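Written out below as structure tokens is the structure these notes cover.
Read-outs: derived from the displayed coordinates by stated rules, not from any lab. Keep in mind it's a predicted model, so treat the numbers as computed, not measured. Quick reminder, even Gly has a Cβ in these numbers, built from the backbone with ideal geometry, and neighbours come from all protein chains shown.
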Amino acid sequence: MNNRFYNRSSNISGPATDMQPVVPSDTVDLAAVVIALYIEVGGTIVLQPVNGPSRTVTVTDFSFLPLGTKRVYATGTTATGIHAMVLA
């Protein structure tokens, strides 16, 4: 298969090159800053964006949250099936 993005430099605006499951944690950051989150089952997400204070957002099922994120907190997060969109 031809990969149209093979010679393209990684860019925070995408496209993501992989997605990884997120395990919310109050003490551990994600392995790397992610460019977006994909949420299978909606609810509340408490997260730490790249810049600024922590945020609490409510999302619906099958949502994309295009926000540079470095941590998803366990406390207060009720959404499940959270995946990180990453530049691998």
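Annotation for the stretch 27-70: chymotrypsin sites (Phe, Trp or Tyr not before Pro) lying in DSSP loop with at most 15 further Cβ atoms inside 10 Å of their Cβ are 62.
Distances between placed amide hydrogens fall under 5 Å for residue 63 paired with 39, all partners being 5 or more residues away or on another chain. Residues 71, 55 in ascending order of nearby Cβ atoms (within 10 Å, fewest first): 55, 71. Scalar couplings 3J(HN,Hα) for the stretch 77-84, obtained by applying the Karplus form with A = 6.51, B = -1.76, C = 1.60 to θ = phi - 60°, are 8, 10, 5, 10, x, 8, 10, 8 Hz; x denotes Gly and Pro.
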